[in-house]
Amino acid sequence: MISTCIIGSGPSGFYTAKYLLKKVPNIRISMFHFVKKKILKKSVEELPCPFGLVRYGVAPDHLETKNVMNDFSTVLLDERVSYYGNVSVGEKRKESKDKKHVSLKELRDMFDSVVLSCGASSDRMLKLQHEDDCDNILSAREFVNWYNGHPWYTNQPKYAQLLRNVSDKNSKDTLHIVVIGNGNVALDCIRVLCCSLDRLHNKSDMPGHVIHALHPRTKRFHISAIGRRGLLQASFTNKELRELIDNKNVNTNNDNTNPLEPNYQCFLFQNELHDSLNDASKQEAKEDRATQRKLDIFQKCAILPSSSSSSSSSSSFLLVLERRITKLLCRRNILKGSAFQQTAESVVATDPNSLVEFPCDLLLRSVGYQATPIDQSLLSSAWDQKQHCVANTFGQIVGEPLLYATGWCGRAPNGIIGTNIQDAQQVVNSLVSDLEKGVFQSKRSVIQ
């Protein structure tokens, strides 16, 4: 009997377990829910529940996507699989007496092989002055965890209070929210903020305390999405964009009893559309069907006359007053390069139209998740400092026999839930290859 430990119980971990069960009949799998020990600058208890990003990262109105948990539950029902929650994994301090903590070295000593599927539990930063000092800058990752009812954030009044306080301190009728980032998470945050009370109650699994924080509205929301490059280079999927543009997916406020309930419209400025459709971008749309569809969806937006405001900008600096953002100043970007190789370059500072000003009562930072190594001593040589993931060859961690990586910690945080399937199959193939070569030495691990 071969023993394998999977650290992490999100999509990549469960897909790995699923394909291991199919390819290695005489296997025994132990899954550990991996967590970081520090969150919100204080210690917390680890999570007892599996499914990771599917449970706490998928938007609450994407119920069909969450159905994959049924598939994962089947894995847990297999008698060859054991699951351990409420356990922290990683470097163990010498003075620590935490009986619920296990180090990576201890797991490698107990099991024939170990698979890291730890995901990414930190954020990429904007690297702006005062970014850490402002009360009204939120991490999109934490915001997503909050509106999905993640236990670490349920008892944190910060998010509900911030939404209320920002609204109360703004004497105007409109609350200006700026979302920096053009990925699926950014669009999820925007859509959730736009959702009507009826939709959140009847077509989502959003916790009641979050719904109460978002509704009833006391202000109208004006949301600006900012990205480095043009419309066609945005990394969000067409499905996410279509859901946002086609507002019947969000607006269900038919009785109009509260005029402040969401009844929104997406719009583009004429100059933004024009700047995004340079010759290289037109070539991208011509050669790639998905890009052409993205353009078609964007053109369904209301097109407003040109404005000094723009969603394609390079964040420059914040105007801060008493630990709160009041305005966001950006420098406009222009696209440079050939089709599919375009990069964003800032407009020269001498250009009078180079600076763009956004009023900002609340800023959501959504520029990507970031993984961190669970054990510095073992992974220092294999950790890719640029991509923030474990350097590996087809899932086999460089220089570490019988130690594998899959999912975000193995490829960097990108892709969708289904992207983990290919990662898992790759890791399983590498593990099976090592098994056939006789690399394994059975340790017959039994956890008490």
Charge context of ARG124, other residues only, Cβ under 14 angstrom, K/R +1, D/E -1: +1
Amide H partners (placed H, <5 Å) of CYS389, local residues excluded: ASP384
Ranked packing of 73-85, 391-403, most packed first, by mean Cβ within 10 Å: 391-403, 73-85
Förster radius 35 Å - calculated FRET efficiency between ASN70 and THR393 (Cβ-Cβ, nearest 0.05): 0.60
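Using mean Cβ contacts within 10 Å as the protection proxy, how do 180-186, 292-298, 17-23, 126-132 order, highest first? If you can, show how the numbers build up before the last one.
Values: 180-186: 23.0, 292-298: 17.0, 17-23: 19.0, 126-132: 13.0.
Descending mean neighbour count gives 180-186, 17-23, 292-298, 126-132.
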Proxy reagent accessibility, fewest Cβ within 10 Å first, across ILE177, ILE334: ILE334, ILE177
Mean Cβ neighbour count within 10 Å, used as a protection proxy, ranking 282-289, 190-197 highest first: 190-197, 282-289
Stretch gain in nm, segment ASP351-GLN441, where the contour uses 0.36 nm per residue and the Cα spacing is subtracted: 25.7 nm
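Each reported figure results from applying straightforward, stated rules to the coordinates on display, with no laboratory input. From a predicted model like this one, the values you see are computed outputs, not experimental measurements. Because the Cβ atoms are built from the backbone with ideal geometry, glycine has one as well, and the counts that use them run over all protein chains shown.
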